[in-house]
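Report on one structure; see the data block that follows.
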Amino acid sequence: MTQYIVKKTIVMVGMMGAGKTAVGRALAGKLGVAFLDSDAEIVEAANMTIPEIFERDGEAFFRAREREVIERLLTTERCVLSTGGGAFLARENRAAISERGVSVWLDGDLELLWSRVKSKDTRPLLRTEDPRATLEEIFNARVPLYAKADLRVKANADYAIEDMAERVLEALLTRPDVLEKAK
């Protein structure tokens, strides 16, 4: 098995349903580093689900905690870090990620994302009268910001999680400042 030297934290960004957690976990396994999830860290610290945090404290409160968690995780060991769909929208988060890590945008099209999120009720932003239209609005607003990511890997409905992780690995190997094969 190939060994890798991970020089910077690899931060998975993109829309809900793009596969940040599943692909990130598979990638971490391939690289032999820890996998961390900023949403899971927030849930653990708050002892509440994200929908509960949104309902009790609002989105602004959640985003502030998200910023703190991402800052903390970027200063710990080199790892693969999955972030929530809205994390990369904040200028402060993009700057911190760019300074201490590398952002990888899992770029899924609207139909792929909808097929993955339509049957889940764990997405507070989609608790609307017309969740499909809401997802499209969020998608259109966020894509220009995700496009600022350091690397872009196109998600495809035909790819298994392992295939996507391999595509991300190939993209990362174009960045010797981030990742290289061990000799």
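Each of SER103, ALA22, VAL117 was scored by the projection of its Cα onto the charge dipole of the chain, and the greatest displacement toward the positive side belongs to SER103; charges sit on the C-beta of Lys, Arg, Asp and Glu.
Between LEU89 and LYS30, the FRET efficiency estimated from the beta carbon spacing at R0 = 41 angstrom works out to 0.90. Taking other residues whose beta carbon is less than 9 angstrom from the beta carbon of ALA26, and scoring Lys, Arg as +1 and Asp, Glu as -1, yields 0. Gain on full extension, evaluated as 0.36 nm per residue between ALA141 and ILE5 minus their Cα-Cα distance, stands at 45.4 nm. Amide H contacts of THR9: CYS79, VAL102, each under 5 Å away and 5 or more positions distant or on a separate chain (H built 1.01 Å from N in the peptide plane; Pro and chain starts excluded). Under the combined filter of DSSP loop state and at most 14 neighbouring Cβ atoms within 10 Å, the range 81-151 retains these GluC sites (Glu not before Pro): GLU129. Applied to the range 18-35, the Karplus parametrisation 6.51 cos²θ - 1.76 cosθ + 1.60 on θ = phi - 60° returns per-residue 3J(HN,Hα) values of 6, x, 4, 6, 5, 5, x, 5, 5, 5, 4, x, 5, 8, x, 10, 5, 10 Hz, with x for Gly and Pro. Grouping the Cα pair distances of the range 1-152 into 5 Å bins from zero gives a pair-distance distribution of 2, 9, 19, 22, 22, 15, 7, 3, 1, 0 percent in increasing distance order.
If only the Cβ of Lys and Arg carry +1 and only the Cβ of Asp and Glu carry -1, the dipole of the chain around its Cα centre is close to 580 debye. Projected label points at ASP57 and GLU129, each 7 Å from Cα along the beta carbon direction, are separated by 3.1 nanometres.
When the range 4-176 is described by a simple charge dipole with +1 on each Lys and Arg Cβ and -1 on each Asp and Glu Cβ, the residue from ILE50, LEU73, TYR4 located farthest towards its positive end is TYR4.
Average 1/r across all pairs of distinct alpha carbons in the range 9-99, invert it, and you get the Kirkwood radius: 13.2 Å.
When the trypsin sites (Lys or Arg not before Pro) in the range 25-122 are filtered for DSSP coil states and for at most 12 other beta-carbon atoms within 10 Å of their beta-carbon, the remaining sites are LYS120. Return the subset of LYS30/LYS120; LYS30/LYS154; LYS30/LYS118; LYS8/LYS183; LYS8/LYS120 for which the Cα-Cα distance in this structure is over 23 Å, preserving the input order. Check vs 23 Å cut-off fails for LYS30/LYS120; LYS30/LYS118; LYS8/LYS120.
Values in this text are rule-based calculations from the coordinates and carry no lab data. Just so you know, these numbers come straight off a predicted model, no measurement behind them. Note: ideal-geometry Cβ built from the backbone for every residue, glycine included; neighbour counts use all protein chains shown.
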